[in-house]
Amino acid sequence: MPPWLHTAAARSLAVLAPLRARLNRLVPLDLGAVNVMAGVRAALACAVPVLIGELSGHDELSWVAISGFWACLSDIGGAWNERAMAMGAFTLFAAVGCCIGTLIAGHAWPAVAYAFAWCFAATLARVHGNAASTVGLLLCSAVLVTLGLPEGSPREALQLSALTLAGGAWAMLLALALWRLQPYGPARKAVAQCWRAAAVYAAALARMHHGDAADAGQW
């Protein structure tokens, strides 16, 4: 690199550094916490039902995309059974909550009372940990969105519940079987390397020292 170009680059970095620091203070963003593949997977969970609905003329499949997106957000990582439990719990409770919300959406006071009771109970779920807290927040969003829809008949309420179950099942299939992400993979590999190194060290010590006089000098 020519000296003048190196000097210009250094001056540019010196000018941009305060601006970047100020921007980080205004809008803190941890790029290390951004999971691009999880976002792409959630987008795919939304795009497939919408595409099928557009091709088949069934606009109601858009609710499958919405509920599938929520179900993807309920996957916070960890062990497979914990992820399945979180996503399954959201799917089942959301189906029940959206069914009831559709029936009372056109009645103001019952809707207000139901929203208060549902959100209060869903918020209390945080006592069971981070996964339950995320599921509870998403359940609040699902019911509040449902209460904003026009009032539906019992048949329409059951249809919306079935679409919610379909969206959650599609998201679980995508996240737990078809497209499994391993966000803690590098950390697990590093820990495994440490354990393997400790095992090699322990085996070397065992070979070197057996407690007799000949091995005492080597020890």
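Points to keep in mind about this one:
- First in the range 186-203 and at negative phi and free of Cβ contacts under 8 Å to residues at least 40 places away in the same chain, second anywhere and open to solvent by 60 Å² or more (accessible area, probe 1.4 Å) and outside any helix (DSSP H, G or I), Cβ under 8 Å, 6 or more apart: ARG188/GLN182
- Among the residues making up the range 148-167, those that are open to solvent by 30 Å² or more (accessible area, probe 1.4 Å) and either assigned to a helix (DSSP H, G or I) or among the polar types (S, T, N, Q) (or both) are SER153, PRO154, ARG155, GLU156, LEU158, GLN159, ALA162, LEU165, ALA166.
- The listed residue being under 25 Å from the mean Cα position of the chain (by Cα) and over 24 Å from TRP170 (Cβ atoms), out of PHE120, PHE116: PHE120
- Options ALA142, ALA131; residue that is surrounded by 21 or more Cβ atoms within 10 Å (Cβ to Cβ) and out of contact with any Phe, Trp or Tyr (no Cβ under 7 Å at 6 or more places or on another chain): ALA131
- Odd one out for ALA42 among (1) open to solvent by 20 Å² or more (accessible area, probe 1.4 Å); (2) farther than 14 Å from LEU139 by Cβ: (1)
- Checked against the criterion of being among the charged types (D, E, K, R), at pLDDT below 90, under 25 Å from CYS46 (Cβ atoms) and over 20 Å from the mean Cα position of the chain (by Cα), the candidates GLU82, GLU156 yield just one match: GLU156.
- No other residue among LEU147, LEU158, LEU138 is closer than 14 Å to ALA86 by Cβ and in contact with a helix residue (DSSP H, G or I) (Cβ under 7 Å, 6 or more places away or on another chain) apart from LEU138.
- As a summary of the residue check, GLY106 satisfies the conditions (1) open to solvent by 40 Å² or more (accessible area, probe 1.4 Å); (2) part of a helix (DSSP H, G or I) except for the one numbered (2).
The values are calculated or read from the model by the stated rules, or taken from the named source; none is laboratory data. Computed from a prediction, not measured in an experiment: that's the story for all the values here. Every residue, glycine as well, gets a Cβ built from its backbone with ideal geometry; the counts of neighbours run over all protein chains shown. Quick note on the areas: whole protein, heavy atoms, side chains included, nothing else; ligands and nucleic acids left out. Shrake-Rupley method; radii C 1.70, N 1.55, O 1.52, S 1.80 Å.
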